[in-house]
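Here is the structure we will look at.
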């Protein structure tokens with residue numbers, strides 16, 4: 001695949017490592033991160049389900065202060081963002097950096113230690129939110145004793161990724177490496193800014209909201225998104241065994257993504273000078289250009305080869321993710337228009353949109369990557385039954401959740417602006433029921449995935465060590 | 001050529017650009033906003049919270065109330081959720097800012113205006129459906145303790161209406177967290193209009209305002225306010241007040257016109273308080289029109305209500321004291337005869 005790139009080729013490249021050597025070096029850290037991310041995924045989906053039940057019945061578990069709605073809801077979201085998506089994304093990124101650079105992973109101990117501390121940070125953070133120590137800022141709720149741990153844990157993992165990139169033996173770089181490079185550069189930047197200006201030296205008044213908007217926007221668009229895109233740009237050509245349609249188009253899309261994404265995030269209703277929201281609205285539309293280039297590039301790479309897509313489970317996940325990417329970007333652009341936002345801004349619509357981006361797009365592509373990478377690392381295949389079940393249930397689940405919340409949100413928003421506010425409280429109940437069903441399906445899906453993963457690990461260990469665990 | 005360094009520089013500068021635009025620039029514009037005194041108030045806005053309400057804000061954050069309640073009144077939300085839409089200065093006392101992003105329940109930016117009864121809030125926290133039928137808010141019973149009931153209700157227990165069915169033999173007493181939360185909620189109110197958020201329905205202009213009042217207000221700020229202060233209260237012991245001052249409000253304007261023309265030197269008394277200071281003369285700086293305007297202003301601001309001063313009155317006085325160079329003393333002024341009958 002990389003042979004057909006139009007990039008510069010340096011003379012005197014060192015002898016590349018074989019795929020087996022690369023995988024051997026990645027096995028420990030990548031599987032560790034995958035395992036923990038799947039644990040968090042299951043835990044998070046159970047919490048999300050409880051949250052959904054509480055939307056119907058406020059009385060449910062109401063006497064347990066630790067599980068009150070206002071704590072459970074941000075905890076479930078933080079688990080999805082930090083425990084699952086970020087962690088699985090970093091694991092995929094490390095493996096891609098090593099594979100595409102044809103070099104063993106550099107800084108394996110650093111990645112292992114970083115991975116452990118990342119999970120410690122998430123655990124402390126989630127317990128902190130449940131104990132009532134949330135910062136109160138959307139997407140950056142982890143308290144002051146947890147958030148900095150995540151920053152330093154990332155540095156350890158990020159250094160391993162960056163040094164692996166620097167040690168690459170394949171001299172042509174691929175678009176996936178660029179995307180990971182960008183993500184690994186942006187995350188410490190936004191995380192340090194948020195830590196400094198929301199926790200250490202809090203900015204005054206609405207400036208805090210500006211930073212929280214900016215952080216959440218870039219966490220999605222320049223951290224999770226490039227990690228998922230990197231996986232998609234690798235998996236699609238690799239699995240259908242054809243070169244990427246256009247490296248030039250991918251490069252153009254990359255630079256437009258990096259250039260435009262950072263300006264979004266301020267909703268039109270924000271109590272801020274209106275130029276900020278206006279800039280963000282413009283950015284939301286400009287970002288559509290790199291979205292279109294990426295999706296088009298994938299489509300043209302696949303061409304008429306749809307049979308291969310159907311045959312490959314990882315690719316089916318990636319295709320669902322690609323569709324969700326297109327849809328969520330279009331909805332996000334629409335939602336940034338004042339005329340739409342005045343109805344949808346404070347409703348479940350934005351919750352549905354977040355689910356569509358984080359789970360439907362990023363999560364689905366990461367699932368595809370997990371299904372592709374784990375067998376390579378363990379020389380063991382997934383059990384097809386639970387894998388199919390996971391695919392079916394997670395696609396159905398996220399469909400129910402997104403439809404329930406997005407349609408419910410519009411109904412709720414219309415009622416909010418109607419004559420009687422109290423009507424908006426119950427207006428979306430039937431559709432929330434849809435979403436509750438969806439989150440139940442997701443629990444089953446994630447349980448299937450986790451048990452399948454554990455089964456692979458067992459069989460892999462049995463094959464290596466003759467049935468003994470050590 | 002080193003490809004990674006180009007990649008690094010490209011990403012770095014692209015992102016630095018957006019960082020400058022969406023973090024640095026807002027910080028320069030709104031990050032350094034200061035508390036202001038709105039024109040319809042004499043106190044700094046937003047007002048400081050009591051310690052109890054500050055504690056309540058921590059309870060609000062800790063329980064995650066912002067997961068379901070916004071505190072953002074948008075343009076199309078007024079007047080339902082507040083007398084005016086919210087602006088950035090409204091949040092200057094909030095640490096952290098808890099604006100929320102979901103409006104499952106009502107917006108709370110002005111809940112202190114709508115719901116003033118503390119007992120209502122306590123009943124609502126204990127059992128939301130008891131006061132808001134159809135509410136989906138969870139009960140916060142863990143903010144209360146159940147105590148064995150006495151013959152008469154304790155002072156600190158929540159009063160429920162007789163038809164409300166409590167468990168028998170108990171009374172419900174709020175914990176300090178519940179009381180703090182209610183104090184915070186009662187303090188959530190925006191009543192002042194700001195430059196950024198003016199009154200959408202301003203009161204009709206007062207037709208009784210003298211025509212030269214506005215000019216006088218402008219002049220007062222540049223010439224008089226430094227000593228007599230913007231609020232007209234002066235500085236105790238140094239500069240006498242003008243608000244409510246006997247000299248200013250006297251029906252006969254000949255004395256204050258002369259004070260402004262030539263100045264005044266102490267000792268003198270204002271409202272029974274003595275001062276020993278000197279006011280500078282203004283006759284070479286201000287025209288007759290200007291002196292008339294500024295005197296009209298001080299006679300009709302800060303609750304003062306007295307007749308307008310005209311340029312003719314000032315010029316008549318100026319003609320009489322043309323040759324005088326020294327500042328007046330209080331004794332001399334007492335002997336001055338009225339120049340002309342006051343204008344209507």
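Take residue A:266 and tell me if it is more than 18 Å from the chain's Cα centre (by Cα), under 29 Å from residue A:321 (Cα atoms), buried (at least 24 other Cβ atoms within 10 Å of the Cβ) and facing chain B (nearest Cβ under 9 Å).
Working: more than 18 Å from the chain's Cα centre (by Cα): yes; under 29 Å from residue A:321 (Cα atoms): yes; buried (at least 24 other Cβ atoms within 10 Å of the Cβ): yes; facing chain B (nearest Cβ under 9 Å): yes.
Here the answer is yes, as residue A:266 does meet what is asked.
When you scan the range A:293-307, how many residues do you find that are on the phi < 0 side of the Ramachandran plot and loosely packed, with under 15 Cβ neighbours inside 10 Å? Give the derivation first.
Keep residues of the range A:293-307 that are on the phi < 0 side of the Ramachandran plot, which gives A:293-302, A:304-307.
Then drop every residue that is not loosely packed, with under 15 Cβ neighbours inside 10 Å, which leaves A:299-300, A:304-307.
Residues flagged as on the phi < 0 side of the Ramachandran plot and loosely packed, with under 15 Cβ neighbours inside 10 Å within the range A:293-307 amount to 6.
Is one or more of the residues making up the range B:131-150 in contact with a helix residue (DSSP H, G or I) (Cβ under 9 Å, 6 or more places away or on another chain) and more than 14 Å from every other protein chain (Cβ to nearest Cβ)?
As a first pass, look at the range B:131-150 and keep what is in contact with a helix residue (DSSP H, G or I) (Cβ under 9 Å, 6 or more places away or on another chain): B:131-144.
Keeping just the survivors that are more than 14 Å from every other protein chain (Cβ to nearest Cβ) gives none.
The answer is no; no qualifying residue exists.
Are any of the residues in the range A:161-170 more than 12 Å from chain B (Cβ to nearest Cβ) and within 18 Å of the chain's Cα centre (by Cα)?
Scanning the range A:161-170, I find at least one residue that is more than 12 Å from chain B (Cβ to nearest Cβ) and within 18 Å of the chain's Cα centre (by Cα), so the answer is yes.
Has the range A:221-239 got at least one residue that is over 27 Å from residue A:329 (Cβ atoms) and within 14 Å of another protein chain (Cβ to nearest Cβ)? Steps first, answer last, please.
Just the residues of the range A:221-239 that are over 27 Å from residue A:329 (Cβ atoms), to begin with: none.
Scanning the range A:221-239 turns up no residue that is over 27 Å from residue A:329 (Cβ atoms) and within 14 Å of another protein chain (Cβ to nearest Cβ).
This table checks each residue for (1) within 14 Å of chain B (Cβ to nearest Cβ); (2) outside any helix (DSSP H, G or I); (3) free of Cβ contacts under 8 Å to residues at least 24 places away in the same chain.
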residue	(1), (2), (3)
A:354	yes, no, no
A:359	no, no, no
A:369	no, no, no
A:373	no, no, no
A:398	no, no, no
A:411	yes, no, yes
A:420	yes, yes, yes
A:424	yes, no, yes
A:437	no, no, no
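Against the definition (farther than 30 Å from residue A:379 by Cβ, more than 14 Å from chain B (Cβ to nearest Cβ) and either modelled with pLDDT under 95 or in a helix (DSSP H, G or I) (or both)), how does residue A:40 come out, yes or no? Steps first, please.
Numbers: farther than 30 Å from residue A:379 by Cβ: no; more than 14 Å from chain B (Cβ to nearest Cβ): yes; either modelled with pLDDT under 95 or in a helix (DSSP H, G or I) (or both): yes.
So residue A:40 does not fit the description; no.
Tell me, yes or no, whether the range B:95-113 has at least one residue that is in contact with a helix residue (DSSP H, G or I) (Cβ under 6 Å, 6 or more places away or on another chain), facing chain A (nearest Cβ under 8 Å) and not in a loop (DSSP other than H, G, I, E, B).
No, the range B:95-113 contains no residue that is in contact with a helix residue (DSSP H, G or I) (Cβ under 6 Å, 6 or more places away or on another chain), facing chain A (nearest Cβ under 8 Å) and not in a loop (DSSP other than H, G, I, E, B).
What tally of residues in the range B:56-69 results from selecting those that are at the interface with chain A (Cβ under 8 Å from one of its Cβ atoms) and in a loop (DSSP other than H, G, I, E, B)? Can you show your working first?
Initial filter on the range B:56-69 (at the interface with chain A (Cβ under 8 Å from one of its Cβ atoms)): B:61-68.
After this cut, where a residue has to be in a loop (DSSP other than H, G, I, E, B) as well, the list is B:64, B:68.
Total meeting the criteria: 2.
Out of the range B:70-88, which residues are touching a helix residue (DSSP H, G or I) at 6+ places or on another chain (Cβ under 8 Å) and at the interface with chain A (Cβ under 7 Å from one of its Cβ atoms)?
The answer is B:74, B:76, B:88.
Out of A:313, A:353, A:366, which single residue is within 26 Å of residue A:42 (Cβ to Cβ) and buried (at least 24 other Cβ atoms within 10 Å of the Cβ)?
Details: A:313 fails: buried (at least 24 other Cβ atoms within 10 Å of the Cβ); A:353 fails: buried (at least 24 other Cβ atoms within 10 Å of the Cβ).
Answer to the check: A:366.
Looking at (1) assigned to a helix (DSSP H, G or I); (2) in contact with a helix residue (DSSP H, G or I) (Cβ under 7 Å, 6 or more places away or on another chain); (3) within 14 Å of chain B (Cβ to nearest Cβ); (4) under 21 Å from residue A:80 (Cβ atoms), can you tell me which one residue A:257 breaks?
(4)
Scan A:77, A:71, A:27 and give me the residue that is within 19 Å of the chain's Cα centre (by Cα) and in a helix (DSSP H, G or I). Steps first, answer last, please.
Numbers: A:71 fails: within 19 Å of the chain's Cα centre (by Cα); A:27 fails: within 19 Å of the chain's Cα centre (by Cα).
Among A:77, A:71, A:27, only A:77 is within 19 Å of the chain's Cα centre (by Cα) and in a helix (DSSP H, G or I).
Out of all the residues in the range B:33-50, is one or more within 25 Å of residue A:265 (Cα to Cα) and either crowded, with 18+ Cβ neighbours inside 10 Å or more than 8 Å from chain A (Cβ to nearest Cβ) (or both)? Even if it seems obvious, please write down each step before you answer.
The first filter runs over the range B:33-50 and keeps only residues within 25 Å of residue A:265 (Cα to Cα), leaving B:33.
Right, trim to either crowded, with 18+ Cβ neighbours inside 10 Å or more than 8 Å from chain A (Cβ to nearest Cβ) (or both) and you get none.
For the range B:33-50, residues within 25 Å of residue A:265 (Cα to Cα) and either crowded, with 18+ Cβ neighbours inside 10 Å or more than 8 Å from chain A (Cβ to nearest Cβ) (or both): absent.
Residues of the range A:82-103 being closer than 22 Å to residue A:366 by Cα and not in a helix (DSSP H, G or I), which ones?
Pass one, the range A:82-103, residues closer than 22 Å to residue A:366 by Cα: A:82-102.
Correct list: A:102 only.
Among the residues in the range A:49-66, are any crowded, with 23+ Cβ neighbours inside 10 Å, within 14 Å of chain B (Cβ to nearest Cβ) and assigned to a loop (DSSP other than H, G, I, E, B)?
Checked the range A:49-66: no residue is crowded, with 23+ Cβ neighbours inside 10 Å, within 14 Å of chain B (Cβ to nearest Cβ) and assigned to a loop (DSSP other than H, G, I, E, B).
For residues that are assigned to a helix (DSSP H, G or I) and under 27 Å from the mean Cα position of the chain (by Cα), scanning just the range B:160-197, find the one that is farthest from residue B:55 (Cα to Cα). Can you show your working first?
If we filter the range B:160-197 for residues that are assigned to a helix (DSSP H, G or I), which is where we start, we get B:176-186.
Next, only the ones that are under 27 Å from the mean Cα position of the chain (by Cα) stay: B:179-186.
Working: B:179: 10, B:180: 6, B:181: 7, B:182: 10, B:183: 9, B:184: 8, B:185: 11, B:186: 13 Å.
By that ranking, first place goes to B:186.
Determine, yes or no, whether residue B:126 is within 14 Å of chain A (Cβ to nearest Cβ), at pLDDT 90 or above and touching a strand residue (DSSP E or B) at 6+ places or on another chain (Cβ under 7 Å). Let's see the steps before the verdict.
Numbers: within 14 Å of chain A (Cβ to nearest Cβ): yes; at pLDDT 90 or above: yes; touching a strand residue (DSSP E or B) at 6+ places or on another chain (Cβ under 7 Å): yes.
Taking the combined requirement at face value, the residue satisfies it.
Is it the case that some residue within the range B:198-214 is surrounded by 14 or more Cβ atoms within 10 Å (Cβ to Cβ) and part of a helix (DSSP H, G or I)?
Within the range B:198-214, one or more residues are surrounded by 14 or more Cβ atoms within 10 Å (Cβ to Cβ) and part of a helix (DSSP H, G or I).
Any residue in the range A:119-130 that is in contact with a helix residue (DSSP H, G or I) (Cβ under 9 Å, 6 or more places away or on another chain) and either in a loop (DSSP other than H, G, I, E, B) or at pLDDT below 95 (or both)?
No, the range A:119-130 has no match at all.
Would it be correct to say that residue A:149 is surrounded by 23 or more Cβ atoms within 10 Å (Cβ to Cβ), touching a helix residue (DSSP H, G or I) at 6+ places or on another chain (Cβ under 9 Å) and not in a loop (DSSP other than H, G, I, E, B)? Step through it out loud before you land on a result.
Details: surrounded by 23 or more Cβ atoms within 10 Å (Cβ to Cβ): no; touching a helix residue (DSSP H, G or I) at 6+ places or on another chain (Cβ under 9 Å): yes; not in a loop (DSSP other than H, G, I, E, B): yes.
No, not satisfied.
The values are calculated or read from the model by the stated rules, or taken from the named source; none is laboratory data. Please read these numbers as outputs of a predicted model, since none were measured by experiment. As a convention, Cβ positions derive from the backbone with ideal geometry for all residues, glycine included, and neighbour counts pool all protein chains shown.
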